[in-house]
Amino acid sequence: MEQEITMIDNFSSDAAFDSLYSLRAQQLSSIHWTPIEVAKKAAAYLTGSPAGKNILDIGSGVGKFCIVGGHIFPDHIFHGVEQRKALIDEAIIAQNATNTPNVHFIHANFNELDMDRYDHIYFYNSFSENLFHYKPIDNLIDCSEAIYNEYLSLFYEILEDKPSGTRVATFHCDDNYIPPSYKRVQHVTGESLKLWIKQ
């Protein structure tokens, strides 16, 4: 019973959830990790499709979106791909602490994945760190405008190649990240979460 109460408390607020992470990861949370309420909305949309149960978070960081989504929607599998090993380690610790077995973290770059394995996509503009960022995660990976353009072009191509009915949720992204074959189905004014579906 005590363990169950602890798990519920972990999902009660961003501060409670972020306490699962190291101090450095907690300090980055307000800039780099998805807020719980945004994660809930995005996950509800991405799992609402009758087709496909595999959700991919590109640039999953410490795994917050995947763990929140996996906790609420246990019949779906949330995959997070992240190129920083230290963040994958943080994500796995949080996953174990919250007992979310339907979450899978992959230490890789998204351009190494077989995208046919994933049905719907969550994207919190992880490419933007290749441009100027006033609070970077670290200085351990190569960043440049050329890499940003390369990643953005590949992301665009991936979305173009996905079948009709594919759902995408973007957070803090320009509309031009998304091909015109996608229709925006919801966007609350003043909110940075946007929901899309491939026509």
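The values are calculated or read from the model by the stated rules, or taken from the named source; none is laboratory data. Note that this is a predicted model, so its numbers are computed, not measured. Using ideal geometry, Cβ is built from the backbone for each residue, glycine included, and neighbour counts are taken over all protein chains shown. All accessible areas refer to the heavy atoms of the entire protein, side chains included, with ligands and DNA or RNA removed. Shrake-Rupley method; radii C 1.70, N 1.55, O 1.52, S 1.80 Å.
Springs between Cα atoms under 10 Å define the GNM used for the chain, and in it the highest mean-square fluctuation of LEU87, LEU23, LEU154 occurs at LEU23. Ignoring lysines fewer than eight residues from LYS85 along the same chain, the ones with Cα atoms less than 21 angstrom from its Cα are LYS64, LYS135. Split the accessible area of the chain by element, probe 1.4 Å, and carbon with sulfur accounts for 53%. By the Stokes-Einstein formula, at 1.306 mPa s and 10 °C, region 1-157 with its Kirkwood radius over alpha-carbon pairs has D equal to 99 µm²/s. Using only Cα atoms, figure out Rg for region 104-199 and give it as a multiple of 2.2 N^0.38 Å. Against the compact-globule rule of thumb, the ratio is 1.12.
The calculated FRET efficiency for LEU113 paired with ALA15, based on their beta-carbon distance and R0 = 25 Å, is about 0.20.
The chymotrypsin sites (Phe, Trp or Tyr not before Pro) of region 137-183 include none that meets both conditions, a loop assignment by DSSP and at most 16 other Cβ atoms within 10 Å of the site Cβ. Straight Cα distances below 16 angstrom link LYS40 to the aspartates and glutamates ASP9, ASP14, ASP18, ASP57, ASP75, GLU191, with same-chain residues fewer than 8 positions distant left out. Among beta bridges identified by DSSP and lying wholly in the chain, the antiparallel ones come to about 35 percent. Find out how many positive minus negative residues lie around LYS198, taking Lys and Arg as positive, Asp and Glu as negative, among other residues whose Cβ is under 12 Å from that of LYS198. Net charge in that neighbourhood comes out at +1.
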